[in-house]
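Right, one structure below, let's go through it.
Nothing in this text is a laboratory measurement; each read-out follows from the coordinates by a stated rule. None of these values were measured; they are calculated from a predicted model. Cβ: placed from backbone, ideal geometry, glycine included. Neighbour counts: every protein chain shown.
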Amino acid sequence: MAENMRDIKRRIRSVQNTKQITKAMEMVAAAKLRRAQEQAESARPYADKMKEVIASVAAGTKGAQHPMLVSRPVQKTGYLVITSDRGLAGGFNANLLRNLVRDIAKRHQSRDEYAIFVVGRKGRDFLKRRGYPIIEEVTGLPDSPLYRDIQPIARKAIGQYAEEIFDELYLVYNEFINPITQRPVEKRLLPLSDLDGAEEKGLKTLYEYEPSAEEVLADLLPRYAETLVYSALLESKASENGARMTAMGSATDNATEAIDTLTLQYNRARQASITQELSEIVGGANALD
Amino acid sequence: MSTMQLDIVTPERKVYSEQVEMVVARALEGDIGILPNHAPFISPLQVTALKVKKDGEEVFIAINGGFMEVHDNRVTILAETAELPGEIDIDRAQAARERAEERLAKDKQEDIDFKRAQLSLQRAMVRIRVGQSR
């Protein structure tokens, strides 16, 4: 019995240690989540303003259509996949990658029909192991990524679209809904299509352009696409921390529950051993009489 | 003295938001000065030191990869990076300038590298200029 008690005690201690770690990770993720949310928030004015300007320029140059605004027959598709570097975030990466693999299998017959740009160690390892065609990868981004951290890969993906290596480009990432909900989404980045809503607002002003409306548009569109990639990255970071917070929160709850069960077991074992000792003593005293 | 609102925004933050009297920027085809009540106007900007006149004093701001939009007496500059004089590390900019100059002197054949070095030289020089204006 004493042996059993020591075992239980050791297990309690071990679960307690785990609980301390998950608790700490939960709190760290909560702090990082707040910062990531603020960062995503402060990136919004830039993207909004850019969209507004582009919409009004695009409306003013109906004649000259920029290739980034026009759909062409799709022969090859590019995917820009944003995952995290570290795990322990519940289904954060797994869900995203599962959806991606499923969509790719549904949409394409051969590996020549698509190529992948990947951000984050988890996604890279997963896709590499399965032999998906990866053109470029970025890993080890900081918690508060800067615009220039993502710019090279974004520029390359957008550049290859412009060179007609791809005919469309999808952005695959975890959308941030609220701290406990994230949703893997796939959004078409290029050709740009969601400018219609802003167009009405932009139409009101007639701008002077320098050097010309077409050239301004040609300068702005790639930049806008880069901005969208950056916003997606920030959103993904916020989602990651939200997912980790939730996962670690429930791990902590589970640990608490496990400790309670084990403590109960331990007390039972202790009581049983005391009872046994008592009955042995009583039995021994009786035998002497 | 009439003024206009100037906002300088990067993807990371709002760098500058003040009422100013004049903005001088370098558009693709040359310098352009904006005074209050300018007509609606859009142009990409070169890597340049933006000159801002506020309360009679001139402030320089380093702008990289931006464009300017003017309308309703508001000037909005969207840039990939924008730095105020106090935020610039002159020593680092000097070092970047030397590196860029070295690279420019060395390999003139590589087209892309050459362009990149040229750009970083320009950025470094703009930073130094802005940094010294403090």
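Could you check how many percent of all C-alpha pairs in chain B are farther apart than 21 Å? Tail of the P(r) past 21 Å holds 43 percent of the pairs.
Apply the membrane-span-like helix rule to chain A: whole DSSP H runs, Cα extent along the own long axis of at least 27 Å, mean Kyte-Doolittle hydropathy at least -0.5. List the helices found. Mind showing how you got there, number by number?
On the way: long enough: A:2-60 (85 Å, -0.67); A:213-288 (111 Å, -0.11).
Helices meeting the span and hydropathy rule in chain A are A:213-288.
Per-residue ellipticity at 222 nm, computed for the protein assembly as shown from helices alone with -39500 (n - 2.57) per DSSP H run of at least four residues, works out to -19000 deg cm²/dmol.
Counting pairs of alpha carbon atoms under 8 Å apart in space and at least six apart in sequence, what relative contact order in percent does chain A give?
34 percent
For the protein assembly as shown, a crude dipole built from +1 on the beta carbon of Lys and Arg and -1 on the beta carbon of Asp and Glu, taken about the Cα centre, is about 1360 debye to the nearest 20. DSSP finds beta bridges in segment A:36-243, and of those with both partners inside it, around 35 percent are antiparallel. How much net charge surrounds B:Arg26 when only other residues with a Cβ under 13 Å from its Cβ are counted (Lys, Arg +1; Asp, Glu -1)? Charge balance in the 13 Å sphere: -1.
Quote the Stokes-Einstein diffusion coefficient, in whole µm² s⁻¹, for the protein assembly as shown, based on the Kirkwood radius over alpha carbon pairs, a temperature of 25 °C and a viscosity of 0.890 mPa s.
Values: Rh = 25.3 Å.
D, rounded to a whole number, is 97 µm²/s.
Using every Cα-Cα pair within segment A:147-289, state what percent have a distance larger than 26 Å. Before the final figure, lay out each step's value.
Values: 5850 of 10153 pairs.
Of the Cα pairs, 58 percent sit more than 26 Å apart.
For chain B, the longest principal axis of the Cα atoms and the long axis of helix B:111-132 meet at an angle of about 50 degrees. Beta bridges from DSSP with both residues in the protein assembly as shown: antiparallel share about 65 percent, rounded to the nearest 5.
Evaluated at q = 0.16 Å⁻¹, a Debye calculation over the C-alpha positions of segment A:36-243 (equal weights, vacuum) places log10 I(q)/I(0) at -1.07.
Shielding by partners for peptide B:8-19, expressed as the average number of C-beta atoms from other protein chains within 10 Å of each residue's C-beta, is 4. The charge dipole of chain B, taken about its Cα centre with unit charges on the Cβ atoms of Lys, Arg (+1), Asp and Glu (-1) only, comes to about 220 debye.
Among residues other than A:Thr181 with Cβ under 15 Å from its Cβ, the summed charge is -1 (Lys and Arg +1, Asp and Glu -1). When restricted to Cα atoms, segment A:1-60 yields an Rg and a Dmax of 25.8, 86 Å, respectively.
Listed cross-link partners B:Lys14/B:Lys51; A:Lys237/B:Lys14; A:Lys187/B:Lys14; A:Lys187/A:Lys237; A:Lys51/B:Lys14 are compared with a 25 Å cut-off, the Cα-Cα value being larger for A:Lys187/B:Lys14. Comparing A:Val74, A:Val15, A:Val119 in a Gaussian network model of chain A where C-alpha atoms under 10 Å apart are linked, the largest mean-square fluctuation is found at A:Val74.
Dividing the alpha-carbon radius of gyration of segment A:1-158 by the rule-of-thumb value 2.2 N^0.38 Å gives 1.51. Look at the alpha carbon pairs under 8 Å that are at least 6 residues apart: their mean separation over the length of chain B gives a relative contact order of 23 percent. Judged by the gyration tensor of its Cα atoms, with axes a ≥ b ≥ c, segment B:4-83 is rounded; a/c sits under the 1.5 cut.
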